[in-house]
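The values are calculated or read from the model by the stated rules, or taken from the named source; none is laboratory data. Here the structure is a predicted model, which is why all the values come from computation and not from measurement. Positions of Cβ are backbone-derived with ideal geometry, glycine not excepted, and every protein chain shown enters the neighbour counts.
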Amino acid sequence: MLGKRILFLSFPLIIAFIIIGVFYHSFPFSIWIETKGIIPRSLNGLWGLFFVHFIHGDSNHLWANVPNLVFLMFISIAFFPSIVKRIFLYTFFLTPILMWVFCRGNVMHIGASAWIYALFGFLFFTGILAKNPKVRAVTLFTGFAFGGMFWGILPLQPGVSWDGHACGLAAGVISAILIKSRVALLFPVVAKDWQNEMDDEYPDHYEQFDQSIRR
């Protein structure tokens, strides 16, 4: 059990290790993976469904993504430990699927930034969909810490896969909707204080109200 928990908590670091290892050609298959980014609507580009997040063009690209990815993965684990596997799976695969369908064609899209946008989108919009203050605190935190990322979905900077970022954000929103019911079970709706007080003082006030309407 302890070993599984350690492996679970170290998963973001394992992902980071693989990304860095691929970039610095630490694995025999590194060079092969670097050619397997997302090429939208291309059969060869389907390899990117599995490898796009592990490919980076240069060291600036790499180190701009790895810390943010690891941080958002740890935030997901901290707040949603029982469903985080589902969160990672949905965001990991929905992102490249949307990229393959909707991104600009005839160009290879690479990098973990789209997955970062997916995790950000999930954490941000889950709080909006939920009616629990703890979950809404996640929205406030991610919005404050990463709110500037919304500019990344606009075509403002040449050479940046802004459409990949947009697909990642959309994947995060879709994941939040798909997992909404499970989040609601973990974080039930908290009634307002005045409502709780009325329930304690006047346990049958709703019934009396209904009867008064029927008269």
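Does G37 qualify as being touching a strand residue (DSSP E or B) at 6+ places or on another chain (Cβ under 7 Å) and not aromatic (F, W, Y)? The answer is yes for G37.
Is it the case that L94 is closer than 30 Å to I6 by Cβ, touching a residue at least 60 places away in the same chain (Cβ under 8 Å), part of a helix (DSSP H, G or I) and not hydroxyl-bearing (S, T, Y)? Judged against the criteria, L94 is a match.
Restrict the check to the range 173-188 and report whether at least one residue is under 18 Å from N68 (Cβ atoms), of a type outside the set (S, T, Y) and assigned to a helix (DSSP H, G or I).
Within the range 173-188, the first condition is being under 18 Å from N68 (Cβ atoms), and the residues that meet it are 175.
Keeping just the survivors that are of a type outside the set (S, T, Y) gives none.
No; the residues of the range 173-188 include none that is under 18 Å from N68 (Cβ atoms), of a type outside the set (S, T, Y) and assigned to a helix (DSSP H, G or I).
This table checks each residue for (1) closer than 20 Å to L186 by Cα; (2) within 12 Å of the chain's Cα centre (by Cα).
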{"residue": "F27", "(1), (2)": "no, no"}
{"residue": "G37", "(1), (2)": "no, no"}
{"residue": "H53", "(1), (2)": "no, no"}
{"residue": "L62", "(1), (2)": "no, no"}
{"residue": "F71", "(1), (2)": "no, yes"}
{"residue": "F93", "(1), (2)": "no, yes"}
{"residue": "G127", "(1), (2)": "yes, no"}
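Would a scan of the range 160-168 turn up a residue that is surrounded by fewer than 20 Cβ atoms within 10 Å (Cβ to Cβ), closer than 29 Å to G21 by Cα, over 12 Å from the mean Cα position of the chain (by Cα) and aromatic (F, W, Y)? Yes, that holds for at least one residue. Evaluate the following for A118: is it in contact (Cβ under 8 Å) with a residue 60 or more places away in the chain and under 15 Å from the mean Cα position of the chain (by Cα)? No: the conditions fail for A118.
Conditions tested, residue by residue: (1) under 18 Å from H56 (Cβ atoms); (2) surrounded by 20 or more Cβ atoms within 10 Å (Cβ to Cβ); (3) modelled with pLDDT of 95 or more; (4) of a type in the set (A, V, I, L, M).
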residue: F102; (1), (2), (3), (4): no, no, yes, no
residue: I110; (1), (2), (3), (4): yes, yes, yes, yes
residue: F120; (1), (2), (3), (4): no, yes, yes, no
residue: V135; (1), (2), (3), (4): no, yes, no, yes
residue: F150; (1), (2), (3), (4): no, no, no, no
residue: Q157; (1), (2), (3), (4): yes, no, no, no
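For L89, the criteria (1) hydrophobic (A, V, I, L, M, F, W, C); (2) crowded, with 16+ Cβ neighbours inside 10 Å; (3) out of contact with any Phe, Trp or Tyr (no Cβ under 9 Å at 6 or more places or on another chain); (4) under 25 Å from E34 (Cβ atoms) hold in every case but one, which is (2).
No other residue among V101, V66 is in contact (Cβ under 8 Å) with a residue 40 or more places away in the chain, β-branched (V, I, T) and under 19 Å from A16 (Cβ atoms) apart from V66. Restricting to helices (runs of 4 or more DSSP H) lying wholly in the range 1-86: which have 2 or more residues that are farther than 30 Å from T142 by Cα? Ranges flagged: 30-33.
Take the conditions at pLDDT below 90 and out of contact with any helix residue (DSSP H, G or I) (no Cβ under 6 Å at 6 or more places or on another chain) and apply them to D163. Does it pass? Outline the logic, then answer.
Numbers: at pLDDT below 90: no; out of contact with any helix residue (DSSP H, G or I) (no Cβ under 6 Å at 6 or more places or on another chain): yes.
So D163 fails the test.
In the range 53-60, the condition of being surrounded by 19 or more Cβ atoms within 10 Å (Cβ to Cβ), touching a Pro at 6+ places or on another chain (Cβ under 8 Å), of a type outside the set (F, W, Y) and within 26 Å of I174 (Cβ to Cβ) is met by at least one residue.
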